[in-house]
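Worksheet: one structure, shown below.
Nothing in this text is a laboratory measurement; each read-out follows from the coordinates by a stated rule. The model shown is predicted, which means the values in this text are computed figures rather than measured ones. Cβ sites come from the backbone with ideal geometry, for glycine too, and all protein chains shown count toward neighbours.
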Amino acid sequence: MYKIIAFLLLSGFFALSSRADVLRLQDHPPASYTVVKGDTLWGIAGKFLKNPWQWPEIWGMNKDEIKNPHWIYPGDVVVLNTSGATPRLSLLRNGNLPTVVLTPEVRKSAIEAPGIPPIPTANINPFLNQPFVMDKGALEHAPRIIDFETGHLVIGAGNLAYATNDGSATDNWRVLRPGDALLDPVTGEVLGYQVRYLGNARTVTQGNPQTISITASRQEMEVNDRLIPAHNDYSFRFVPHAPEHTVNGFIISTYRGITEVGQYDTVIINQGARDGLDDGTVLAVYRNKALPDGTPLPPFRVGLLMLYRVFDKVSYAIIMQTTGPVNLNDYVRNP
């Protein structure tokens, strides 16, 4: 209850104070930087900017360019120009071609593409296509495991199982289990159901029932666990950017189910596409304390997070910076 009251009291404070910060360079930024394998857009931006989420501003990018940027590759040279009223970055392609600015480009790239990603991929690879948020009953008609070849109650990788079929030609599956509801801490609205990823399976004998082989498992599987087609449609084609409007949200879940997380951990917030958020949105994480009599004190910032998988009502985010532990129910606001 205290969290909700504090949220209502402090939302006005954040609404008044949330604005885009003035573009601020590092105290001694480099005149240029040669991109190397392993770099991220966040890391490169931090070499020039005190606030890495201002990456689109220093490139002079518009909204379309933020969502579909021209990619940066190892060997490219990022050049800082401070001769004008506003600092600008430009790009020397492969270090020896004419300088170009980042422009929109229609191209879909896989996660393994050599372009520089916005955030460390190793930290979120396990989450890109494995955790899901679905509506209630979304898995009701999905194929399900009905028995195990071993006769055991649970199985893992290397075992065979029997499952129903949806009539499609799919032969690669993800194995899921419906999870708990995600609730909005202020309104009580059910924002979706977090579905637990158990592992992967492959059809070895078509039919209904079909025979499947469990090819990978993160958790033991049981009868009635569900199957959905396995495919990777995730794209890193976005850049870090601040939201275009005032955001007042909460961290409502952590993927590991613990109350405190740190840098590069994944959390879930109670804001999504319906709230105008998209991949790459950067938000600040705040916490508040109260006096013994319950009077709330001004909030203090404990970190930054970036959204990397946005659903309609919730989003998955990675913690990019912290000054201490990030807690369940901490606030997320404009950076």
Principal axes of the stretch 242-335: Cα extent on each, largest first, Å: 39, 28, 20
- request: Please work out how much length the chain gains when fully extended from Glu244 to Ala273, using 0.36 nm per residue of separation minus the C-alpha to C-alpha distance, in nm with one decimal.
  value: 9.2 nm
message: In the stretch 285-323, whose amide N lies under 16 Å from the spot 7 Å out along Cα-to-Cβ of Thr187? List them in ranges.
response: 311-315
message: If R₀ is 56 angstrom, what is the calculated FRET efficiency for the pair Arg202 and Thr82, using the beta carbon separation as r and rounding to 0.05?
response: 0.50
task: Take the stretch 182-276, drop everything but the C-alpha atoms, weight them equally and run the Debye formula without solvent; then report log10 I(q)/I(0) at 0.17, 0.20 Å⁻¹ to two decimals.
output: -1.05, -1.21
